[in-house]
Amino acid sequence: MTVLPLDNEQDPVRRDIIAAINRLLAGTPHRSNGRLNVTQLAIEAGVKRWHLTHQHTDLKDRFQAEAAREEAKRTKAAQTGDDLVL
């Protein structure tokens, strides 16, 4: 699952962050515990958290939006599964 393409990105820090976003959203973390939050994104990307909160806020915001969508999907799937048990 690739949410953000790396095609036109030249900045190595941004490339690391985008790759980390794609890994976390795909559920295949390499460095972090896989939770969908900014702290774990920083760990996964191998960058300091402030890179996300001060320098690359566009990537942070995109990640948080995608993470919220993923969480909503999981919640809906869990509720659907609970309905089947009843």
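Tabulated data for the structure shown
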quantity	calculated
Residues of the stretch 39-48 classified as assigned to a helix (DSSP H, G or I) and surrounded by 14 or more Cβ atoms within 10 Å (Cβ to Cβ), total	6
Asn33, sole failed condition from (1) more than 10 Å from the chain's Cα centre (by Cα); (2) outside any loop (DSSP other than H, G, I, E, B); (3) free of Cβ contacts under 8 Å to residues at least 12 places away in the same chain	(2)
Unique residue being of a type in the set (S, T, N, Q), surrounded by fewer than 19 Cβ atoms within 10 Å (Cβ to Cβ) and modelled with pLDDT under 95 when the list is Thr75, Thr28	Thr75
Count - residues of the stretch 4-24 that are buried (at least 17 other Cβ atoms within 10 Å of the Cβ) and at pLDDT below 95	1
Matching residues in the stretch 56-71 - criterion: being in a helix (DSSP H, G or I), at pLDDT 90 or above and not polar (S, T, N, Q)	Asp58, Leu59, Lys60, Asp61, Arg62, Phe63, Ala65, Glu66, Ala67, Ala68, Arg69
Every pair of residues 6+ apart whose Cβ atoms lie under 6 Å, when the first sits in the stretch 3-19 and is among the β-branched types (Val, Ile, Thr) while the second is modelled with pLDDT of 85 or more and assigned to a helix (DSSP H, G or I)	Val3/Asn22; Val3/Leu25; Val3/Glu66; Ile17/Ala45; Ile17/Leu59
Meets criteria (more than 21 Å from Asp11 (Cα to Cα), part of a helix (DSSP H, G or I) and not small (Gly, Ala, Ser)) for Thr53	no
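The values are calculated or read from the model by the stated rules, or taken from the named source; none is laboratory data. This is a predicted model, so every value here is computed, not measured. Methodologically, a virtual Cβ is constructed for each residue, glycine included, from the backbone with ideal geometry; neighbour enumeration extends over all protein chains shown.
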